[in-house]
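Engineer: So that we are looking at the same thing, I have put the structure below in structure tokens.
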Amino acid sequence: MEQTSKKQIIELACKAGKIMLENGGEIYRVEQTMASVCVAYGIPDCESFATPTVIMLSAKVDDEPYCRMMRIAERNINLHKVAEVNDFSRKQPMENALQELERIEKSTPYPFWVRVLASGIGVAAFTIIFGGGLFAYGDIVGGLVLGALARLIVTALQKKRAGDFIVNLVGGATAALGGWLFSQIGLGSDPWIVTVAAMMLLVPGLLFTNALRDIAAGDLVSGGSRGMEALSVAAALACGTAAVYAVLAFFPAVGGGLL
């Protein structure tokens, strides 16, 4: 096996792990995927290591070691990509493997308008769960509009690379301000119902679940860092919401005695 092919295999495995980690994959799954790619391409002797911010892979063929490290700068949730890379790592080797991974990395399983609409429908459903009632049409309509609006704002900030804390801070403020505004115009009986429902779009449920799973599996570094990330997201949401209601509290005539 030529040196160039060895480096290409390591690069391929790291790219697969990078895609999974950037889109919400668990640490153990990322490490297994990188190892599976190496084994599938004829390098059984390899070691993989991953944290939420970096992946490393070392492999040895004919007693010659190779090592590759990749920095993970962005993390989102796209389990469709995770599933596709997971399937890819268990297929037989193919000539256009790198092109296939690039296709997965650039793929968008749903159009943007579908994700915006799904966000609105999801928030509208949460208004029912949080006490709005099945026939509280004002809460449902308010949740539908606010959910779509919050998704647009959050996506715009993410494209501008505003940072996770700022994105969630603005997201929490948007939920609080939107809930209050809709209650003022009659779209909602209680501003807190729509506000909390909209915040559910940004609650780090999967992140917190992965943190617990990593800790239970013994991946203490990744579990601890993901747990702190989940807490920082929750803190940002709380700060954004509290800031809006604190401002409204200074203007009782405008805020309507919300606090």
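The numbers here are math on the coordinates, done by the rules we state, and not lab data. This is a predicted model, so every value here is computed, not measured. Cβ: placed from backbone, ideal geometry, glycine included. Neighbour counts: every protein chain shown.
Engineer: Sorting 164, 45 on the 10 Å Cβ count, fewest up front, what's the list?
Structural biologist: 45, 164
Engineer: Which whole-Hz couplings ³J(HN,Hα) result when phi for each residue of segment 22-33 is put into the Karplus expression 6.51 cos²θ - 1.76 cosθ + 1.60, θ = phi - 60°, listed in order with x for Gly and Pro?
Structural biologist: With the stated coefficients, segment 22-33 comes to 6, 10, x, x, 6, 4, 5, 5, 4, 5, 5, 5 Hz.
Engineer: Using the number of other C-beta atoms within 10 angstrom as an exposure proxy, rank 177, 21 with the fewest first.
Structural biologist: By the 10 Å Cβ count, ascending, the order reads 177, 21.
Engineer: Between residue 77 and residue 98, what length in nm is gained on full extension when 0.36 nm per residue of separation is reduced by their alpha carbon distance?
Structural biologist: Net length gain for the segment: 5.3 nm.
Engineer: List every residue whose amide H lies under 5 Å from the amide H of residue 77, counting only residues 5 or more places away in sequence or on a different chain, with H placed 1.01 Å from N in the peptide plane.
Structural biologist: none
Engineer: Same structure, new question: Would you order 34, 199 from fewest to most other beta-carbon atoms within 10 Å of each residue's own beta-carbon?
Structural biologist: 199, 34
Engineer: Let's test the formula: R0 of 45 Å, r as the Cβ-Cβ distance of residue 225 and residue 137. What FRET efficiency results, to the nearest 0.05?
Structural biologist: 0.55
Engineer: Here is a further query. Hey, can you grab everything whose amide H is under 5 Å from the amide H of residue 43? Only 5+ residues off in sequence or another chain; H modelled, so Pro and N-termini drop out.
Structural biologist: HN-HN under 5 Å from residue 43: empty list.
Engineer: With charges only on Cβ, +1 for K and R and -1 for D and E, what is the dipole size of segment 3-106 about its Cα centre, in debye, rounded to 20?
Structural biologist: Here segment 3-106 has a charge dipole of around 240 debye.
Engineer: Additional query: Taking loop as defined by DSSP and a crowding limit of 15 other beta carbons within 10 Å, which GluC sites (Glu not before Pro) in segment 46-119 fit?
Structural biologist: 74, 95
Engineer: Using θ = phi - 60° and the Karplus relation 6.51 cos²θ - 1.76 cosθ + 1.60, list the HN-Hα couplings for segment 75-84 in order, rounded to whole Hz, with x at every Gly or Pro.
Structural biologist: 9, 10, 10, 8, 5, 5, 5, 4, 5, 5
Engineer: Let me ask you something else. Looking at segment 65-124, which trypsin sites (Lys or Arg not before Pro) are in a loop (DSSP not H, G, I, E or B) and have at most 14 other Cβ atoms within 10 Å?
Structural biologist: 90, 91
Engineer: Would you mind calculating the gained length between residue 5 and residue 162 on full extension (0.36 nm times residue separation, minus the Cα-Cα distance), in nm to one decimal?
Structural biologist: 52.7 nm
Engineer: So what is the calculated 222 nm ellipticity per residue for the chain, using -39500 (n - 2.57) for each DSSP H run with n of 4 or more, over all residues, to the nearest 500 deg cm²/dmol?
Structural biologist: Calculated mean residue ellipticity at 222 nm is -21500 deg cm²/dmol.
Engineer: Along the Cα→Cβ direction, 7 angstrom out, place labels at residue 155 and residue 251. What is the inter-label distance in nm?
Structural biologist: Modelled inter-label distance: 3.0 nm.
Engineer: Follow-up. Run the reach check for residue 159 against lysines, Cα to Cα strictly under 27 Å, same-chain hits fewer than 8 apart removed. What comes back?
Structural biologist: Those lysines meeting the cut-off are 15, 18, 81, 106.
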